[in-house]
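Asker: Would you mind keeping the following structure in view while I ask a few things?
Throughout, read-outs are computed from the coordinates displayed, never taken from laboratory work. Every value quoted in this text rests on a predicted model; they were computed, and no experiment measured them. Because the Cβ atoms are built from the backbone with ideal geometry, glycine has one as well, and the counts that use them run over all protein chains shown.
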Amino acid sequence: MAGFDDGSNKKKLIIGIAAGAVLLAAVAAALFFFVFSTSAKARKQLKIADGYYANENYEEAVNAYKKAIEYKPASEAAYIGLAKTDRALVDAYLEKNDFDQAKACYQDAILNLENGVKNTNSEEIQKSLDEFNRMHAWKAATCTEPKTCVLCGITDGEALGHEWERATMKMPKTCSRCEATEGDPVSCKEIYAKDIITERWERFVFFDNSVVGFIDKVDSFSIYDYDGKLLKEVTPVQGAYSSWSFSLSLQKKIRYNNIAFMTTYFDKNGKGSIILYDQYGEVVKDFDVNQKFSGYLNNETLNERYLYLKATESKGVEFYIDTKTLSIVNKEDMEPVLEFDTNLYSSCERTEINEDLFFVTSADKKSIGFVDKNFNVIAMYADATNFNSNGFALVSKDGKSYDIIDSDFNVIAESYVLADDVWWSGGPVMAAKKGNAAHYYLIK
Ligand SMILES: [Zn+2]
Ligand SMILES: [Zn+2]
């Protein structure tokens, strides 16, 4: 039994070994067949791909090369063929200005070549990858973007910036290169103070961003924005007083510290305040002063810097205020600010828009206009206003119809306002007198 068993076991073992050998051979054969067949398929696929490429059928060629690589991931020829095809495709898309497709194709090519290098270590593929990395397709700089490679996104230099042309009544500020616009067209609209100052008021003054309304002989001011929203009430007079006065038109004249208006107040003991405010009614400077006098303090601007205050009924009571240093100064210490030849001009004031541009009236008062800092004439008219805070002025050849000009002296609107007289009313507002009525225009 044991012998039989032994024999049986040996037999089994032999059969086992034989079966193993057959299996191994089969696996080897299958493997051989598989490798042989896939490399045959790869070769076939490569041939098909090359055919597509030769016929400039690039989309099909790409698919075919990719299939070839699937069969044989180490096929140098397939990667090189794919790279050539991708290059041809990128060029074709660039030719058609289809930058999105060109970029997608370029990025795909880089990815394929990187895989190729990894899978093959081929110098040829590496060379092709380097070529792709060096390749750029530049799109010229625009107003908002620098010169840019549409493939890899790198930039060179700076954006050009817009070539702005000024706004007109019809067109907003517009770029002459790209036609981008900014803001709104110039508008000139008649405004009514009663629409802004809806409560009690008798008079009003326009500032850049506010309108101050007040009633004569009432000791407070109401400050509104141009939408009619009440911003602040200013009550400069407290209790019993012997004198008070105000000046609300300093903004056009004084150039320093945003000063827009001024009040003075003195009690019966001669203790008083001279207060300078900005256009929102905020105190810029409060001078405490002890001075007994009769009447009230009258004031005038000496030039764009100094205020001169003088008692109406007491001789010798006067103050010189330097609005630049916000101090009370001696007359002798004042610096001359704006000197002009009074033989040539009866008045001269600076414009808001340009430090070196002055608004003048000729000595004979027959012409009015603009000169530079050396008093060279830039433009003179029969009548004109100074520029408003938005850089627009009204000018007239005949003193009857007025054009709107911008700060480059371009006519924005011809004969837009008919009037007997015009003046800059403060901030953005122009005033025009027609008959006995004043009309106010907000130009922006
Ligand atoms: Zn690039
Ligand atoms: Zn532009």
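Asker: Pairing the Cα long axis of helix 2-54 with the longest principal axis of the chain, what angle in degrees results, from 0 to 90 and rounded to the nearest 10?
Answerer: Around 50 degrees separate the two axes.
Asker: Now for a different question. Quick one: pull the percentage of alpha-carbon pairs in the range 276-374 with a separation above 21 Å. Provide the component values of the computation, followed by the final result.
Answerer: Details: 2398 of 4851 pairs.
So the portion of pairs separated by more than 21 Å is 49 percent.
Asker: Compare the Cα positions of Gly81, Val211, Cys149 along the charge dipole of the chain (+1 at Cβ of Lys, Arg; -1 at Cβ of Asp, Glu; about the Cα centre) and return the one farthest towards the positive end.
Answerer: Working it through, the farthest residue towards the positive pole turns out to be Gly81.
Asker: Could you tell me how many cubic angstrom of Cα convex hull volume the range 134-291 has per residue?
Answerer: It is 178 Å³ per residue.
Asker: If I fit a long axis through the Cα atoms of helix 58-71 and take the longest principal axis of the Cα atoms of the chain, what angle between them do I get, 0 to 90°, rounded to 10?
Answerer: 50 degrees
Asker: Can you give me the Cα centroid spacing of the range 150-201 and the range 243-307 in angstrom?
Answerer: 38 Å
Asker: Provide the per-residue ³J(HN,Hα) series for the range 347-360, in order, calculated from phi with Karplus coefficients 6.51, -1.76, 1.60 and θ = phi - 60°, each as a whole number of Hz, with x at glycine and proline positions.
Answerer: So the J values, rounded to whole Hz, are 8, 8, 9, 6, 8, 6, 7, 8, 4, 9, 10, 10, 9, 10.
Asker: May I pose another question? For the chain, what is the calculated [θ] at 222 nm in deg cm²/dmol (nearest 500), taking -39500 (n - 2.57) for each run of four or more DSSP H residues and dividing by its residue count?
Answerer: Details: 6 runs with 125 residues, N = 444.
Helix-only estimate at 222 nm: -9500 deg cm²/dmol.
Asker: For the range 25-180, would you read off the P(r) tail past 27 Å as a percentage of all alpha carbon pairs?
Answerer: Looking at the range 25-180, the distances longer than 27 Å represent 43 percent of pairs.
Asker: Something else now. Among Val417, Val212, Val150, which one shows the biggest mean-square fluctuation in a GNM of the chain, springs joining Cα atoms closer than 10 Å?
Answerer: Val150
Asker: If the cut-off is 23 Å between C-alpha atoms, which lysines fall inside it for Lys72, apart from same-chain ones fewer than 8 positions away?
Answerer: Lys41, Lys44, Lys47, Lys84, Lys118, Lys127
Asker: Another one. Report the residue, chosen from Asn303, Asn269, Asn209, that carries the largest GNM mean-square fluctuation when the chain is represented by alpha-carbon nodes joined by springs under 10 Å.
Answerer: Sorting by GNM fluctuation, first place goes to Asn269.
Asker: Residues with beta-carbon under 14 Å from that of Ser37, excluding Ser37: net charge, scoring Lys, Arg +1 and Asp, Glu -1? Don't skip to the end; give the middle numbers.
Answerer: Values: positive: Lys41, Arg43, Lys44, Lys72; negative: Glu70.
Summing Lys/Arg as +1 and Asp/Glu as -1 gives +3.
Asker: Relative to 2.2 N^0.38 Å, what does the C-alpha radius of gyration of the range 328-369 come to as a ratio? Two decimals please.
Answerer: Taking the Cα Rg and dividing by 2.2 N^0.38 Å, one obtains 1.41.
Asker: Something else about it: Quick one: dipole size for the chain, taken about the Cα centre, charges +1 on Lys/Arg Cβ and -1 on Asp/Glu Cβ, in debye to the nearest 20. Write out the running numbers ahead of the final one.
Answerer: Numbers: 51 positive and 66 negative charges, 296 e Å.
Here the chain has a charge dipole of around 1420 debye.
Asker: Additional query: Over 28 Å between C-alpha atoms is what I'm after, so list which of Lys285/Lys434; Lys217/Lys253; Lys271/Lys331; Lys96/Lys173 land there.
Answerer: Lys285/Lys434; Lys96/Lys173
Asker: I've got another one for you. Who wins for biggest fluctuation among Phe392, Phe359, Phe132 in a Gaussian network model of the chain, springs between alpha carbons below 10 Å?
Answerer: Result for the chain, Cα springs under 10 Å: Phe132 fluctuates most.
Asker: Please work out the Cα convex hull volume for the range 345-443 and give it in Å³ per residue.
Answerer: Normalising the Cα hull of the range 345-443 by residue number yields 87 Å³.
Asker: In Å and on Cα atoms, what radius of gyration and Dmax does the chain show?
Answerer: Looking at the chain, its Cα Rg and Dmax stand at 43.7, 155 Å.
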